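The values are calculated or read from the model by the stated rules, or taken from the named source; none is laboratory data. As the structure is a computational prediction, the values presented were derived from the model and not from experiment. Reconstructed Cβ throughout: ideal geometry from the backbone, glycine too, with neighbour counts over all protein chains shown.
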């Protein structure tokens, strides 16, 4: 308002000058830009990045897709069975990981457990996240044999590393007021968690779990490449037999299922906000 009256009276209002960066800040910015450009150049050189090769290979790509036309609808029964198996792997793996992550997430929360408890749990969750899911599937295939069961175990173990981290962060972001009120009322450790933490972060846990299920469904598609069941198993089977028309049918179903699962997940997560 004062600025308005000053303008009306003819007085010029000068805004405070922006702080000028120091020489050290300028050097850091320039060094950061130079480092980024150097990393991009290094990555391009090391990855043999060449758009010319892609342009030259486009006719071969077109020939590959031409082998997939028209799709073979005679494998509809197999496709439905494989799709159901993939959903079962992703769903059961997500449920098992959510149960394990709930327990580990509580132990990994810095505001709920002492350092000697939550720090080793955080390391454990980091290790689980670091192991690729395809490697876990190979390990469990060699342990329990072929089929969807090793796929479920791979999804559950890998997802626990990520969901446990998300759950722990949600617990750590819970407001201290309700927890302190329960503590002053003589509540036990479990009662503080049950009534002071879970009631606050339950929507966050549900959103994280749904998002992880969406990712698990996509990841489950490739587990069949190592014999862990699902659509991926039939895709690699038909590719090895050069039955590309059947691969096309599976690919179309995969695309439709990914879009459907994603839309359902987004709709449910929007209701939890």
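Numbers for the structure displayed
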| item | result |
| --- | --- |
| Selection within the stretch 194-205 - within 25 Å of residue 94 (Cβ to Cβ) and either surrounded by fewer than 19 Cβ atoms within 10 Å (Cβ to Cβ) or modelled with pLDDT under 80 (or both) | 194, 197, 198, 199, 200, 201, 202, 203, 204 |
| Unmet requirement for residue 191, which otherwise passes all of (1) at pLDDT 80 or above; (2) farther than 30 Å from residue 270 by Cβ; (3) touching a helix residue (DSSP H, G or I) at 6+ places or on another chain (Cβ under 7 Å) | (1) |
| Of the criteria (1) without any contact (Cβ under 8 Å) to a residue 60 or more places away in the chain; (2) under 26 Å from residue 230 (Cβ atoms), which one residue 29 fails | (2) |
| Sole residue being at pLDDT 80 or above, in a helix (DSSP H, G or I), over 24 Å from residue 252 (Cα atoms) and in contact with a helix residue (DSSP H, G or I) (Cβ under 9 Å, 6 or more places away or on another chain), chosen from 83, 94 | 94 |
| Matching option when the condition is in the same structural domain as residue 213 (by TED's automatic domain parsing), part of a loop (DSSP other than H, G, I, E, B) and closer than 20 Å to residue 216 by Cα, among 135, 153, 146 | 146 |
| Helices (runs of 4 or more DSSP H) contained in the stretch 1-73 and holding at least 2 residues modelled with pLDDT under 70 | 2-8 |
| Conditions (1) in the same structural domain as residue 255 (by TED's automatic domain parsing); (2) modelled with pLDDT under 90; (3) farther than 23 Å from residue 210 by Cβ; number of the one not met by residue 88 | (3) |
| Residue that is within 24 Å of residue 138 (Cβ to Cβ) and out of contact with any strand residue (DSSP E or B) (no Cβ under 6 Å at 6 or more places or on another chain), where the choices are 237, 256 | 237 |
| Tally of residues being in contact (Cβ under 8 Å) with a residue 40 or more places away in the chain and within 17 Å of residue 105 (Cα to Cα) across the stretch 125-168 | 13 |
| So residue 208, is it surrounded by fewer than 19 Cβ atoms within 10 Å (Cβ to Cβ), at pLDDT 75 or above, closer than 28 Å to residue 267 by Cα and touching a helix residue (DSSP H, G or I) at 6+ places or on another chain (Cβ under 6 Å) | no |
| Residue tally, condition crowded, with 17+ Cβ neighbours inside 10 Å and within 20 Å of the chain's Cα centre (by Cα), over the stretch 232-272 | 6 |
